[in-house]
Amino acid sequence: MSSPTLPAELSAFLKDSSQRVESRIRDTLTESIPGANKLFEAMRYAALGPGKRLRPALVYACAQVFRGVDFDPARCDASAAALECIHAYSLVHDDLPAMDDDDLRRGRPTCHIAYNEATAILAGDALQTQAFELLLADNTEPALKLLLIAELSKASGSRGMVAGQAIDLDSVDKTLTLAQLEAMHRLKTGALIRASARMGALHGGATSDQLEALTLYAEAIGLAFQVQDDILDVTVDTAILGKTQGADALLNKPTYVSLLGLKGAKEKLQGLRGEALSALSTLPGDTLLLKQLADYIVQRGH
């Protein structure tokens, strides 16, 4: 998918953070168990395929706000990799025939098409638990480790991402209000983005007020990410989008475009960008990368 030319510092940052998290995941999944080679191959296919690595980037960027450029990003590697594993598992399961029944993800066959449905289910299960193995095995002080695990588990489960997916599936052929649609996406898409920012802030030693400001920022860009997805779903063809164009309309799912119209959805997107930047204005330190990430989210695909 094409995007505007990124600022040099953001481009370099995204490249570095992607390489860091991919290296950590690759090292974790290099050795397989005898008889389970296909499982590990499918896990690598799902977790190391093309992707924006936005959630890991947020971890590093939010930690750096409070620690400065001299902060060692290696301290965040386990959290960044754990978040990407959870995200990858969610996409594998989201694409399954019992869920959205999609054949294409990030320009490639979805995991259950590339392998088979049973292997895809198991790969998703294994990536979910791998995330917590990464956090538990990391050399992080115990008190911080517990906070990180609490953030990720809440964001991933029945009060976070999974709840959002359940609501999404239950909303097919139903009419939702804007408030209901936002509540769903704050869970399905937003919860993990929120956790990414908060986990980075925890690594950075943020105060409670600073953590709250970053939470507001993350909640705004989390919704913005989904609004832009809905816009791209009706304005960009499958070859560029990397997944089936118009899939939500085919499933008769409510979207920001179906509720607000294309113009209204674009206005909503810009309003969320403004909320994100407003939240950052209360923070000390250099928030340029976070501002550029917000812009990247609302402009991607154009």
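The values are calculated or read from the model by the stated rules, or taken from the named source; none is laboratory data. Just so it is clear, the structure is predicted and the values come from calculations on it, not from any experiment. Cβ atoms come from the backbone with ideal geometry, glycine included; neighbour counts cover every protein chain shown.
Below are the figures for this structure:
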| read-out | value |
| --- | --- |
| Residue within the stretch 54-70 that is more than 17 Å from the chain's Cα centre (by Cα), among the polar types (S, T, N, Q) and surrounded by 19 or more Cβ atoms within 10 Å (Cβ to Cβ) present | yes |
| Evaluation of Ser32 against (1) buried (at least 16 other Cβ atoms within 10 Å of the Cβ); (2) free of Cβ contacts under 8 Å to residues at least 40 places away in the same chain; (3) in a loop (DSSP other than H, G, I, E, B) (one fails), failing number | (1) |
| Test: Ser18 is among the hydroxyl-bearing types (Ser, Thr, Tyr), without any contact (Cβ under 8 Å) to a residue 40 or more places away in the chain and part of a loop (DSSP other than H, G, I, E, B) | no |
| Looking only at the stretch 207-222, and only at residues there that are out of contact with any Lys or Arg (no Cβ under 7 Å at 6 or more places or on another chain) and surrounded by fewer than 24 Cβ atoms within 10 Å (Cβ to Cβ), the one that is nearest to Lys253 (Cα to Cα) | Leu216 |
| Boolean, Pro109 is farther than 22 Å from Thr28 by Cα and surrounded by fewer than 21 Cβ atoms within 10 Å (Cβ to Cβ) | yes |
| Residue that is modelled with the lowest pLDDT [pool: residues in the stretch 96-116 that are in a loop (DSSP other than H, G, I, E, B) and under 18 Å from Lys52 (Cα atoms)] | Arg106 |
| Within the stretch 121-165, considering residues that are in contact (Cβ under 8 Å) with a residue 12 or more places away in the chain and among the polar types (S, T, N, Q), the one farthest from Glu22 (Cα to Cα) | Gln165 |
| Subset of the stretch 144-161 (residues that are buried (at least 18 other Cβ atoms within 10 Å of the Cβ) and either within 21 Å of Phe225 (Cβ to Cβ) or among the acidic types (Asp, Glu) (or both)) | Glu151, Leu152, Ala155, Ser156, Gly160, Met161 |
| Evaluation of Ala195 against (1) buried (at least 16 other Cβ atoms within 10 Å of the Cβ); (2) without any contact (Cβ under 8 Å) to a residue 60 or more places away in the chain; (3) more than 19 Å from Leu96 (Cβ to Cβ) (one fails), failing number | (2) |
